[in-house]
1. Using only the Cα atoms of the chain, construct the convex hull and provide its projected area averaged over every direction, in square nanometres to one decimal.
2. Could you list the chymotrypsin sites (Phe, Trp or Tyr not before Pro) in segment 324-424 that lie in coil according to DSSP, counting only those with at most 11 other Cβ atoms within 10 Å of their Cβ?
3. Holding the Cα-Cα limit at 32 Å, pick out from LYS186/LYS311; LYS50/LYS318; LYS237/LYS291; LYS227/LYS311 the pairs that are longer than that.
4. Shape of segment 165-249 from its Cα gyration tensor (a ≥ b ≥ c, root eigenvalues): rounded if a/c is under 1.5, otherwise prolate when a/b > b/c, or oblate?
5. Treat every Asp and Glu Cβ in the chain as -1 and every Lys and Arg Cβ as +1, leave all other atoms uncharged, and give the resulting dipole magnitude about the Cα centre to the nearest 20 debye.
6. Show me, for segment 91-108, the HN-Hα J-couplings you get by feeding each phi into the Karplus relation (A = 6.51, B = -1.76, C = 1.60, θ = phi - 60°), rounded to Hz, glycine and proline as x.
7. In whole Å, how far is the Cα centre of segment 270-297 from that of segment 183-197?
8. Would you kindly derive the ³J(HN,Hα) couplings of segment 180-189 from the backbone phi angles with the Karplus curve 6.51 cos²θ - 1.76 cosθ + 1.60 (θ = phi - 60°), listing them in order in whole Hz, with x for Gly and Pro?
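The values are calculated or read from the model by the stated rules, or taken from the named source; none is laboratory data. Everything quoted here is computed from the prediction, not taken from an experiment. Here the Cβ positions follow ideal geometry from the backbone for every residue, glycine too, while neighbour counts run over all protein chains shown. The protein model used for the area step is the full one, side chains on, heavy atoms only, and it has no ligands, DNA or RNA in it. Shrake-Rupley method; radii C 1.70, N 1.55, O 1.52, S 1.80 Å.
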Amino acid sequence: MNDHRISKNGSMGGLTRRQFGTAAASVALSAGALAAFGRAPAFAQGTALKVGVLLPRSGLLAQAGQACQRGAEIAPAILGELGYKVEILSADTESNVDVARSRAEKLINDGANVIVGAFDSGQTAAAAQVCEQRGVPLVMNIAAADRLTEQGYKTVFRNFPTSTMLVTNGLALMKDLFAVSGVTPKTAVFLHANDTFGMANKQAMDALFPKLDMPFGIVDSISYDPKAQDLAVEVAKAKATGAELAIVTTRANDAIMLVREMVKQRWEPKGIVSPGSPGLYDEQFYKVLGKYADYAITNLPWYDPKAELTKRVEAAFKKQYPNDRFEGYAFNVAFTLEAILVAADAFKRAGTAEPATLLEALRQTNLKDKMMVGPAITFDEKGQNTQLVSACLQNRNLRPTVVLPKGSAEMDPVFPMPGWGKRA
């Protein structure tokens, strides 16, 4: 989610807040207007739904984008077994907002009936403007900035939590963690990337924290550039606060830098907890850090290991990628595959990829047979699935392991975490 840092003038990697909202005012189209708009690709009866998958497969976010791409690569065969027919058209955003915009245009020009993507909130915002202007549905796989479904767009759908949902659910699970462990920190420091995703989480934290009656205070919020070569200064500043808990919003690269520096500076808070960001559970985090990756906690939506679709996806993943662990890719794979499933399900019910009809079918989504924990996938009038729930994942034996809620737990949580020198 390289959401590109927000500058003092309000720009987001070349996309200003004014530009971000312009499309809502200028191209808010009714379903009838979309049908008459005439610029979406034509649909030939009996063909597969053409899904344009837009992801950052190179650049800063390549690791996450490539993980998501694996979900797209195994989707046609899995969905085919379930009676859906899809064709995948892939495009690389290169982790760049402007490239995301141009590649979204190209995917539509190449015949995509729907766009799925784009992992990063800034790049997804650019694609959303294109899709709204062209009258083509956008189903987000991963992107959390609240404003993506607050612009009045008629063509966007998100089966992923907003930053507000992530922070709310994540903080609530922290209370559960403290209750189960019997240990409650009194102070915390919040470290976060200064890109769109990190700043959205910071805004959500600022707005929600005073309302949630948390048992600790936040003594400082420290932002950093995810493109930095190291985080020595930021970790030193965080350590100097004396905070007992490190709350983080990261991705894989900066999560690795953060923990490396914590080990180097011998900063040992009671725990490292993320209220919903990637990084701490990504496969690269385990590969690079080894034993130092264990005991970090992420509170976020997770797959249901008992779901039939999960079993199909895990089997297909292991067959196609026999040298990789499913757990290390599962989050990105699952949300990408589910986004494609949402589009395919709407297409099957609509019986056509004609834009207005497909959009109406997407609005009526009620998808029970899915992969992630929680109730059926549905969308509100803004295109947001508001029913997503989170689980508490703790890295144990270099594997993301559910430790809360208790009914779904694979292990009991360990809190406080062992010191760096006490790892086996």
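1. Averaged projected area of the chain's Cα convex hull equals 18.8 nm².
2. Passing both the DSSP loop test and the Cβ count: no residue.
3. Check vs 32 Å cut-off fails for LYS186/LYS311; LYS227/LYS311.
4. It comes out oblate by the Cα gyration axes.
5. Computed charge dipole of the chain: roughly 320 debye.
6. Per-residue couplings from phi come out as 9, 9, 7, 6, 6, 9, 4, 5, 5, 4, 5, 5, 6, 4, 4, 5, 4, 5 Hz.
7. One Cα centre to the other: 14 Å.
8. Those phi angles translate into 5, 7, x, 10, 10, x, 9, 9, 9, 10 Hz.
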